[in-house]
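Below: the structure, in structure tokens.
Values quoted throughout were computed directly from the atomic coordinates according to the rules given, and no laboratory measurement underlies them. Keep in mind it's a predicted model, so treat the numbers as computed, not measured. With ideal geometry, Cβ positions are generated from the backbone for all residues, glycine too; neighbour counts draw on all protein chains shown.
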Amino acid sequence: MPCVKGLVESGCLTSIPSKYVFPRKSGDDSMFSEAEAIIPTIDLSLLTGGTPYQRSKVIQDLANACLDWGFFMVVNHGVPKKVMDDMVSGCLGFFDLTEEEKQEYAGKQLFDPIRSGTSFNLTVDDAFLWRDYLKIHVHPNFHAPTKPADFSEISEEYCRKAREVASELLKGISEGLGLEESYIVKTMEVDKGSQLLVANLYPPCPQPEVVMGLPPHSDHGLLTLLIQNDVSGLQVLHRGKWVPVNPLPNSFLVNTGDHMEILTNGKYKSVVHRVVVNEKATRISIGTAHGPPLDAIVSPSLELGHREGYCPTYHALKYREYMELQQSRRLDGKSCLDRIKVHQSDHIPQDC
Ligand code: OGA
Ligand code: NI
């Protein structure tokens, strides 16, 4: 299966091959304008080094962002611009390798440390996506392709810094939930947790309105941190309408994932997002999904539950099994999370 980049660069693309035509339902494209829905911005420097008043204000902002949006931009995060720029260039360099070179990483199994490919899961995708990808398990064991030459060094540094930002955010989120600062990092064993790096390449498309970069979906981890080049395309579903995201320069885009929803028993919902493509420019994005160790069994937090008096509404599942469940099916909104919801007819714990 050729990558989309190869297809576009072959120069013989006059119309879109029908297998790339993405089925759309009416009402799919109800949009907010950017002015109608302002995406929250979090100043991380105030969380890590602000006055007590500034800290508590940011913790509150973070709590509101998680509750209301599941999505926010992070500025003043301390990651040097060069580290972010080099990461983007490094990933562009990977996609510029020849098909044969990339083929070396055409992993077959979900847990292969490095997988390069196109669309999402070719064995189950109804329509192929206008997207090539590189997925790497970068923590607790670091992996990297050997080409481009400096990719390994660049990505190792970037991933370490992204973990630091994620941990700080998780501390602020824990406090915002009224828990001890280290609660999520400790209970989810984030320090030895899984970090998956996903680089997405969305080449320009002659008929962008008929294809899809990434269909509506939520991410599996606790938090996803994303950076991109200066081409937009990401949209977030907010109160039933899509909000186009035009990130502030050098910011991280952060969203809550399914495991944040499970851990908080549905208080902080994972956010649905999608990617549309455009006619003119190649978009690249690099996400890191931060979660517990693959063998950790995750269930709704008892500490939160006892205080708020709730019954767990998600079944406990190993993170690895959840990831398998998500990646082996078509990307389809929150259908994966729905499968582990506790239904009335299921066993209800005695004290609920
Ligand atoms: C993802 C994702 C968004 C983007 O990789 O899960 O949602 O902007 N990417 O590419
Ligand atoms: Ni995503």
- Karplus couplings for region 216-225 from phi (6.51 cos²θ - 1.76 cosθ + 1.60, θ = phi - 60°), rounded to Hz, Gly and Pro as x? x, 7, 10, 8, 7, x, 7, 9, 10, 10
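Hey, fewest Cβ within 10 Å first, where do THR98, THR224 land in order?
Fewest to most other Cβ atoms nearby, the residues stand as THR98, THR224.
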- Note on the structure: A chain fully extended from ASP230 to SER335 at 0.36 nm per residue, minus the present Cα-Cα distance, gains in nm 34.7 nm
- The long-range amide H neighbours of ASN278, using H built 1.01 Å from N in the peptide plane and a cut-off of under 5 Å, are CYS205
- Query: Which parts of region 179-214 would a label at LEU110 reach, counting a residue when its backbone N lies under 17 Å from a point 7 Å out along Cα-to-Cβ?
  - Reply: 194-198
- Translational diffusion coefficient (Stokes-Einstein; Kirkwood radius from C-alpha pairs) of region 13-158 at 37 °C, 0.692 mPa s, in µm²/s: 171 µm²/s
- Peptides 78-85, 285-292: what's the order by average Cβ count within 10 Å, highest mean first? 285-292, 78-85
- Computed ³J(HN,Hα) along region 243-252: with the Karplus parameters 6.51/-1.76/1.60, θ = phi - 60°, integer Hz and x for glycine or proline, the list is 10, x, 9, 10, x, 5, x, 6, 8, 9
- Message: Could you identify which residue out of PRO247, PRO215, PRO23 has the top mean-square fluctuation in a GNM of the chain using Cα springs shorter than 10 Å?
- Response: PRO23
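For region 117-175, what Kirkwood radius comes out of the mean inverse Cα-Cα distance, in Å?
14.1 Å
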- Query: In whole Å, what three semi-axes, largest first, describe the equivalent ellipsoid of the chain built from its Cα gyration tensor (square root of 5 times each eigenvalue)?
  - Reply: 32, 23, 21
- Relative contact order %, region 219-317, counting alpha carbon pairs below 8 Å whose residues are six or more apart: 35 percent
- Task: Mind checking the full-extension length gain between SER182 and ASP85? Use 0.36 nm per residue of separation minus the Cα-Cα distance, one decimal, nm.
- Result: 31.9 nm
- Task: At 7 Å along the Cα-to-beta-carbon direction for both LEU122 and LEU92, put a label point, then send me their distance in nm to one decimal.
- Result: 2.7 nm
- For region 22-100, count the residues as N, evaluate 2.2 N^0.38 Å, and divide the Cα radius of gyration by that value, please. 1.61
- Task: Compute the distance in nm between two label points, each set 7 Å from the Cα along the Cα-to-Cβ direction, one at GLU308 and one at LYS57.
- Result: 2.6 nm
- Using a 10 Å cut-off on Cβ atoms, rank the peptides 257-266, 182-191, 195-204, 47-56 from the highest mean neighbour count down. 257-266, 195-204, 182-191, 47-56
- Item | In Hz, Karplus ³J(HN,Hα) per residue of region 276-293 (6.51, -1.76, 1.60; θ = phi - 60°; x = Gly, Pro) | 9, 10, 9, 7, 9, 10, 6, 9, 10, 9, 10, x, 10, 9, 10, x, x, x
- Item | Simple label model, 7 Å out from Cα along Cβ direction - VAL21 to GLU100, nm | 3.6 nm
- Measuring from the longest principal axis of the C-alpha atoms of the chain, the long axis of helix 151-176 (C-alpha) lies at a number of degrees, nearest 10, equal to 30 degrees
- Could you give P(r) for region 222-352, binned at 5 Å from zero, as whole percent values over all Cα-Cα pairs? 2, 9, 16, 20, 18, 14, 10, 6, 3, 2, 0, 0
